[in-house]
Amino acid sequence: MNNKKKIKKAYLDVNISNDLERKILNMTVNKEVKRTKFKLAYLALVAVLLTGFSLSLVYAKEIKEVVQKVLSLQVGKGDEEGNTIKINVNGITHDIPNTVKRSGTKIVEYNDVDENGNIVVKKLKENLSLKRTIKEVEKDLGFPILKLQNNDDNEVTYTTGENTDGTISSVELEIFNFYEENGKKCSMDVDITDDNADYIVTGAGDIDVIGGKVDEEIYHTDTIKEDILIYAVDWDDSRLTALFYHDGIKYSLLTNTMTRSELKNLLDNLKY
Amino acid sequence: MNDRFAEIFDLYKNDIYRLAFSYTKNISDSDDIVQNVFVKLYHKGEILEKENKDIKKWLIRVCINECKTLLLSSWKKKISFLSEKEENIESEMPSNDVLKAVLELPKKYRIVTYLYYYEDYKIKEIAQILKISETNIQTRLARARKQLKEILKEVWDNE
């Protein structure tokens, strides 16, 4: 018996209980659907909703355009054969000097199985990370990143990526304590992809785009003159994310303690 | 919609339960997670219109999100009752050696192991589901295999 079969067999001991199965079915399919007795009120509600619908269509189109732009980095540049495919979206890459400090790599060996079931030993280059400050990173990059007043010395987790020829492909920054005051906290991820990157480090992290992005909103901030996508997720009541590009650099701010208006206020205070 | 929901529930209830258990190693938490996942599915009629394989990917993704949320929200509670909880986990550990070894892996290796070995997803698909790079998945799998070999010795075949 091969390893896959052993694991499949082992999991057969773990099953949903009959009680839980009944409970879920009772909460859903067996639930009685209450018929509304207020048909007139219902029709009036539909009329109001239809009026709002035409307005929301225009708004939805605007949201879709911004979503397509800010999430485009999640599409890899390389095709299945590893050939480079340039992304035809403007403003999502930035020139990174090839002299920037490298966070380093290590070679990891692993066994893979090819299409015919043969075992193939492969080697991978895994990116390492360094702890630096915003000020150090800006000096090294030769261009500024958006920040808040007086947080130049905040600690940054700095990770570089390399093209197959060893040139720089990306710089990823994670700033966990980007904002912290009176119990309100916000982290910020910065993804910089070089103009000549032959693949993309998505940097998408845990941002969920399948499980339920809800309450999407486009917020325009005059200070950096950008449209910013703000959204919540349906699996965490307190979580808010703001995503945008500025000067070809992707920024994502994430908070579990701030309200939408507080997050917008923070976005208004971003500057070089 | 009820028939379609019942069909999907019947098809995937145990798979989603096994994934939740792989993540939490706890029956009570797994029960809560599976319940939340399927109630969410029931309220998302548009998901039920998709093909089964796409619904399953959606269920897996939502299940992982639920696992993360539950573990984060109950972190303090778990710390307070750590000793009591450890006893419970011990009592809920299965007797099967292979499963026990999988559950001994660190969480990030457990989930990848489950999706690769149990669900038969390819590395590319796992990367899409978990939203992390294929390189990262390959590394996690390699480390998981190494640890499983160390724990299971001759029971685990060299790959």
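Summary of values
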{"item": "Alpha carbon centroid spacing (whole Å) that separates region B:2-67 from region B:144-159", "result": "30 Å"}
{"item": "Cα-based Rg and Dmax for region A:132-174, where Dmax is the largest Cα-Cα distance (Å)", "result": "11.6, 38"}
{"item": "Debye intensity ratio I(q)/I(0), log10, region B:94-159, q values 0.12, 0.18, 0.25, 0.26 Å⁻¹ (C-alpha model)", "result": "-0.28, -0.62, -1.09, -1.15"}
{"item": "In nm, spacing of pseudo-spin labels at B:Lys122 and B:Val39 (7 Å Cα→C-beta vector)", "result": "3.8 nm"}
{"item": "Extension reserve of the A:Ser187-A:Lys4 stretch, reckoned as 0.36 nm per residue once the Cα distance is removed", "result": "61.9 nm"}
{"item": "Pairwise FRET efficiency - A:Gln149 versus A:Asp222, Cβ, R0 = 30 Å, nearest 0.05", "result": "0.95"}
{"item": "Selection from B:Leu103, B:Ile137, B:Tyr116, by position along the positive dipole direction of region B:94-159 (Cβ)", "result": "B:Ile137"}
{"item": "Taking all pairs of distinct alpha-carbon atoms in region B:21-72, Kirkwood radius in angstrom", "result": "11.3 Å"}
{"item": "Added length on full extension, which subtracts the Cα-Cα distance from 0.36 nm per residue, A:Leu12 to A:Ser129", "result": "38.1 nm"}
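None of the figures in this text is laboratory data; all of them are computed from the coordinates on show. Model, not experiment: these values are computed from the prediction. Counting neighbours? That spans all protein chains shown, and the Cβs are built from the backbone with ideal geometry, glycine included.
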